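Below is one structure, written out as structure tokens; the observations come after it.
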Amino acid sequence: MNGVINNTIMLPSMFRVMWRAAVCDLRTRRTPACRRVFTCDGVPGGLADAETIFSLSSGHGRCGVAVVRASGPASSAALRTMTRLRGSLPPPPREALLRNIRDPRSKEVLDRGLVFWFPAPHSFTGEDSVEFHLHGGPAVITAVLRALGSVPGMRPAEAGEFTRRAFQAGKLGLTEVEGLGDLIHAETEAQRRQALRQMSGDLGRLYLDWSHTLKRALAHVEAFIDFSEDELIEDGVLDQVDAWVCDLQAEIERHLQDERRGERLRGGVQVVIAGTANAGKSSLLNALCQRPAAIVSPVAGTTRDVVETALDIGGFPVLLSDTAGLRESPDLVEREGVRRARERVDQADLTLVVVDCADLPPDAERAAAFLQGYLSSVLPPQEQPQSVFPASLLVLNKTDLLPEAQRLALDRELRGVSGLPPVCHISCLTSEGLQDFLSVLHASVKTLCGDPLACAPTLTQARHRAHLQQCCAALAQYRRYRGGDLALAAEGVRLALTSLGRITGRVGAEEILDIIFKDFCIGK
């Protein structure tokens with residue numbers, strides 16, 4: 001039996017797997033203990049250097065408390081020299097210690113604050129770390145940072161370097177790192193919830209589960225290629241792989257069909273106000289942001305460029321854009337504004353189509369037909385309101401100019417017209433109907449973004465979508481070559497696994513080798 005295994009173990013596909021694992025092992029053995037290594041696939045697997053870094057970790061400006069963090073092997077030396085701790089041992093881990101913080105050279109007291117010691121590997125970066133909790137005056141912060149820079153082996157940290165070291169030490173996956181960045185930049189409640197969920201690892205665990213399935217599938221295919229002729233592999237192994245690949249491809253495709261909810265929530269919903277000149281678009285913008293963000297004038301064509309403002313609509317981020325009135329004009333500048341307006345409508349997630357009620361025919365039936373034609377002139381053909389997610393809201397402005405009877409008749413008529421988006425009656429002059437309009441707008445934005453805490457985690461990054469699409473294409477390659485060239489089919493699974501590994505930052509050939517020896521009794 002040993003002779004059979006020695007003869008078959010050197011077949012090309014198994015040889016590639018074992019060779020990668022051996023190369024990884026050699027790299028690890030040749031690397032000094034003070035340096036961490038990269039995986040076979042180029043993904044960082046540890047710390048890139050042994051330098052100690054430091055930086056202000058709290059916000060800039062005057063504040064009650066500022067946090068200065070240091071990470072690396074010289075952290076303990078900095079702690080001892082700047083707080084005059086006696087003995088060679090640092091203080092108890094993760095316990096606050098009130099000390100005078102001194103300049104190591106002049107011995108001058110810079111501040112009196114709390115210090116925290118976080119020994120490796122139980123720290124954010126996985127290294128020895130120390131935090132100084134100081135008074136938040138700019139002079140205090142500057143003095144402490146200057147003092148840290150005088151400690152041998154320490155240098156200022158680069159942007160994101162603490163988090164990079166946490167990733168290299170295996171404390172965070174790439175998706176969790178991205179979630180941390182999103183949490184820091186979150187401006188609305190929904191953004192906070194989505195970022196916190198991603199930082200907690202929900203999205204990363206989903207992708208790692210998929211990676212584990214692909215590793216098992218690849219291990220089974222590789223083993224079948226290398227050992228099937230010697231009858232060392234059980235019957236039905238490839239049938240099981242076929243089921244895994246089919247189910248996983250369907251699950252990834254469902255994950256991709258999310259209408260970009262997570263990406264919209266992360267970057268903000270693009271809401272564009274569009275309509276003819278002098279319909280009240282700028283007045284609506286000012287009413288929504290509650291400040292004179294755009295010039296309002298009775299002269300038609302006042303707005304000639306796109307005016308943008310960021311809003312928080314019920315906890316959801318919105319980038320609201322006011323645009324030039326859509327009309328034919330001999331003025332070159334206004335024509336350029338109209339071109340930009342139509343370009344924004346094409347790119348919008350949601351369009352607020354504003355109508356001047358004074359332009360409506362008095363007859364309700366003719367008014368409904370007028371609105372349908374008006375929508376067709378404003379919205380691009382692919383954005384007509386026929387999809388599940390509302391692409392537009394019809395805003396009838398200046399309703400204070402309509403007689404009550406005409407308004408009621410128009411409401412009855414519009415309720416019976418199919419294909420129209422939700423209709424809102426408002427008056428920017430009197431603020432009538434604005435609260436109802438805001439409720440409808442909030443519901444539309446929430447539909448576009450979804451609930452970040454409901455169901456499975458959603459895609460938040462364009463790069464995730466690109467790698468998952470590549471993963472699906474690679475799984476399709478497996479199914480295409482499954483009945484013919486099994487080596488090409490296995491390569492499809494390997495490419496799919498690589499695509500997922502680029503999202504999480506974790507993939508290695510040695511993991512596949514582990515599964516082969518765990519799942520198969522090769523040679524007993």
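Details
- Packing rank of 357-366, 339-348, where each peptide gets the mean count of other beta carbons within 10 Å, highest leading: 339-348, 357-366
- Under-5 Å amide H pairs with Gly136, H placed in peptide plane, nonlocal only: Cys63, Val65, Ala66
- Karplus-based coupling profile of the stretch 314-319, in residue order and whole Hz: x, x, 10, x, 10, 9, with θ = phi - 60° in 6.51 cos²θ - 1.76 cosθ + 1.60 and x standing for Gly or Pro.
- Per-pair calculated FRET efficiency, R0 = 51 Å: Val333 and Leu97 via Cβ, rounded to 0.05: 0.20
- Gyration tensor (alpha-carbon) shape descriptor, the stretch 46-162, a/c threshold 1.5: rounded
- With each label modelled as a point 7 angstrom along the Cα→C-beta vector, the Ala456-Arg415 pair spans 4.1 nm.
- Accessible surface, the stretch 334-443, averaged per residue in Å² (probe 1.4 Å): 49
- Carbon-plus-sulfur accessible fraction, the stretch 52-106 (probe radius 1.4 Å, protein heavy atoms only): 51%.
- For the peptides 262-269, 324-331, the ranking by packing is 262-269, 324-331, with the highest mean count of neighbouring Cβ atoms within 10 Å listed first.
- Integer Hz, Karplus 6.51/-1.76/1.60 couplings in order for the stretch 188-196, x for Gly and Pro: 10, 5, 5, 4, 4, 5, 5, 5, 5
- Applying both filters, DSSP loop and at most 11 other Cβ atoms within 10 Å, to the trypsin sites (Lys or Arg not before Pro) of the stretch 181-230 eliminates every site.
- The stretch 283-414 shape via C-alpha gyration tensor axes, a/c threshold 1.5: rounded
- Fully extending the segment from Asp242 to Arg155 would add 26.0 nm, taking 0.36 nm per residue of separation and subtracting the current Cα-Cα distance.
- Fully extending the segment from Leu145 to Gln257, taken as 0.36 nm per residue of separation minus the present Cα-Cα distance, adds 35.5 nm.
- Highest mean first, the peptides 444-454, 416-426 sorted by other C-beta atoms within 10 Å per residue fall in the order 444-454, 416-426.
The values are calculated or read from the model by the stated rules, or taken from the named source; none is laboratory data. Quick caveat: nothing in here was measured; it's all calculated off a predicted structure. Backbone-built Cβ (ideal geometry, glycine too); neighbour counts: all protein chains shown. Please note that ligands, DNA and RNA were not included when accessible areas were found on the heavy atoms of the full protein model with its side chains. Shrake-Rupley method; radii C 1.70, N 1.55, O 1.52, S 1.80 Å.
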